[in-house]
Amino acid sequence: MKTIRAVDIDFIDSFNESAKACYPNEFTCMVRQENGVINEMILLPGTLYGDSHSSFSEWMSPIDFSIAGTAHSHPGYSNKASDEDILLFANMGGIHFITCQPYDRNSWKAYDSKGEEVVLETIDHI
Ligand SMILES: [Zn+2]
């Protein structure tokens, strides 16, 4: 997998909008990268918002190599990865976004598969 170096601001905006729309439930999706830039949410049919993270494993086949990780929202004001989140990140690898209230451009954080925060450049257009 290509190293992720940046995230498209359009992705961040769509992610936060979806999170807002799902509130108070948790919004979850997968994320796609192009040339090392996260630029798209992948919504998979049958995903139950507010359900546990366990459904992610089913999403992994067939493997789409542009899939770079996951994104989900927290209904509260913390974008810290929970123990459950870190387990999921470790199982999946890749990069993982968490956003929280108030779901704006400063609400999100990105984590690697060890649950360590990743600082990404935000870009307006690829
Ligand atoms: Zn979480």
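Values computed for the structure shown
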| item | result |
| --- | --- |
| Enumeration of residues in the stretch 77-111 that are part of a loop (DSSP other than H, G, I, E, B), near the ligand (Cβ under 10 Å from one of its atoms) and either more than 12 Å from the chain's Cα centre (by Cα) or among the hydroxyl-bearing types (Ser, Thr, Tyr) (or both) | 78, 80, 82 |
| The one condition in (1) in a helix (DSSP H, G or I); (2) within 15 Å of the ligand (Cβ to nearest atom); (3) at pLDDT below 95 that residue 57 fails to fulfil | (2) |
| The stretch 1-25, residues that are within 19 Å of residue 119 (Cα to Cα) and of a type in the set (Phe, Trp, Tyr) | 11, 15 |
| Candidates 28, 70, 99 - the one that is at pLDDT 95 or above, β-branched (Val, Ile, Thr), closer than 20 Å to residue 113 by Cα and surrounded by 13 or more Cβ atoms within 10 Å (Cβ to Cβ) | 99 |
| Every residue from the stretch 1-36 that is charged (D, E, K, R) and assigned to a helix (DSSP H, G or I) | 10, 13, 17, 20 |
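The values are calculated or read from the model by the stated rules, or taken from the named source; none is laboratory data. All values reported here derive from a predicted model rather than from experimental measurement. Glycine also receives a Cβ, built like all others from the backbone with ideal geometry; neighbour counts cover every protein chain displayed.
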